[in-house]
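Read-outs throughout are calculated quantities, based only on the coordinates presented, and are distinct from any laboratory measurement. The shown structure was predicted, so the numbers you read here are calculated from the model rather than taken from an experiment. Note: ideal-geometry Cβ built from the backbone for every residue, glycine included; neighbour counts use all protein chains shown.
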Amino acid sequence: MIGDWIDIGPTTQISPGNARTLPVQGGEEIAIFHTLDNQFYALVNKCPHKHGPLSQGIVHGNVVTCPLHSWNISLKTGEALGDDKGCVPTIPIREDAGRLYLKRDALVSAKAPEAAV
Ligand code: FES
């Protein structure tokens, strides 16, 4: 149902390999990524380590490297990779006729991960 999804604009707003952010009133800022192989992902814009802005990280494959201390975070699952432990919520995203849509309930309920100590 279309009402369950929020139109966040054209796919062309994010060039491949880049990200943009989306503020959510009363919720967490979301980072939306466009990978070089043309996939889109949406995650809470806070690294599970110390809340670094993932939207400013380097995208490679379907992974983003956090700009602060270089943890690698899966764009698919939000999980920290390698020896690092933590997970950031992901938001279901879909593409339809050149526009991007985010799942409304996931967007509103997404919570930042607890920062690691
Ligand atoms: S805040 Fe992301 S690696 Fe430390």
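Near Val88, once Lys and Arg are set to +1 and Asp and Glu to -1 for all other residues with Cβ below 13 Å from its Cβ, the sum equals 0. Please report the net charge: other residues with Cβ closer than 9 Å to the Cβ of Lys103, K and R +1, D and E -1. Value of the local net charge: 0. Taking the centroid of alpha carbons for each part, the range 52-86 and the range 1-50 are 15 Å apart. Ranked by the mean number of other Cβ atoms within 10 Å of their residues, highest first, the peptides 70-80, 12-22 come out as 70-80, 12-22. Computed extension length for Arg20-Ser109: 30.0 nm, one decimal, from 0.36 nm per residue of separation with the Cα-Cα distance subtracted.
Per-residue ellipticity at 222 nm from helix content only, as computed over the chain with -39500 (n - 2.57) for each DSSP H run of at least four residues, stands at -1000 deg cm²/dmol.
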